[in-house]
């Protein structure tokens, strides 16, 4: 999807540049009083039509990208990332996770059967274990177990182990930007969304860097929601203008 969006953006940029150059040459080559001067206006209409088509295509791609991102986020809702768990040779990763949860979260009833998938991610150095920064991905079978672990993560304080949500690339970039811009205390994640405290002192829920920029510039919640709006916002009925609100019925005189 990203490669398609980049191709369309490059095509749009190339089209704008080429069309602008061609229109400039056309206007300088054809005098206004020439019988062929109508070509310039026809070209302008054609240019506007193609630009409208490209903008529409870009909008549809953006909407499709948001829908795919939302779907991907839902597929990751049972996954948690464990940071700072040392790797040992020939380790049993699920058993390691269960032991950690029992020792630090007092989840003694938990067993390996509660884990759907569990493995380490990150670069490995051959026979050497990965660094402590290597991430342990854990997918739980039950959403309630995942939530219990997530909301008990404060018990890991002082152990060197931290928990994180498995965000998509778009949301991860937005989260990193929020942390750098607003700080750790004013940005966190919840159910795949990034929660930030804006300059207005209010909480905002975002998923993209564009929405973060809108909030940071002081535009507020409504502006952030309108930037790269999700499918529900795009499909919603447009707000009636002033002329539509109090329009009276026309009276026909006989």
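Only one residue in 54, 13 is assigned to a helix (DSSP H, G or I), over 30 Å from residue 152 (Cα atoms), modelled with pLDDT under 85 and in contact with a helix residue (DSSP H, G or I) (Cβ under 7 Å, 6 or more places away or on another chain). Which one?
None of the others qualify; the one that does is 54.
Considering each of 107, 68 in turn, give the residue that is assigned by TED's automatic domain parsing to the domain that holds residue 159, modelled with pLDDT of 80 or more and under 30 Å from residue 138 (Cα atoms).
107
Could you please find all residues in region 16-28 being surrounded by 11 or more Cβ atoms within 10 Å (Cβ to Cβ) and modelled with pLDDT under 70?
23, 26, 27
Enumerate the strands (runs of 3 or more DSSP E) found wholly within region 133-220, keeping only those where 1 or more residues are within 30 Å of residue 88 (Cα to Cα) and at pLDDT below 90.
Output list reads 135-140.
(1) without any contact (Cβ under 8 Å) to a residue 40 or more places away in the chain; (2) in contact with a helix residue (DSSP H, G or I) (Cβ under 7 Å, 6 or more places away or on another chain); (3) surrounded by fewer than 16 Cβ atoms within 10 Å (Cβ to Cβ): which one isn't true of residue 67, the others all being true?
(1)
Looking at region 75-98 only, could you name the residues that are in contact (Cβ under 8 Å) with a residue 24 or more places away in the chain, outside any loop (DSSP other than H, G, I, E, B) and exposed (fewer than 15 other Cβ atoms within 10 Å of the Cβ)?
Within region 75-98, no residue meets the criteria.
How about region 147-178: which of its residues are more than 17 Å from residue 85 (Cβ to Cβ), out of contact with any helix residue (DSSP H, G or I) (no Cβ under 8 Å at 6 or more places or on another chain) and surrounded by 18 or more Cβ atoms within 10 Å (Cβ to Cβ)?
Selection gives 175 alone.
Could you run through region 117-131 and say how many residues are surrounded by fewer than 12 Cβ atoms within 10 Å (Cβ to Cβ) and either modelled with pLDDT under 60 or more than 20 Å from residue 100 (Cα to Cα) (or both)?
Number of matching residues: 5.
The values are calculated or read from the model by the stated rules, or taken from the named source; none is laboratory data. Here the structure is a predicted model, which is why all the values come from computation and not from measurement. So basically every Cβ, Gly included, is an ideal-geometry build from the backbone, and we count neighbours across all protein chains shown.
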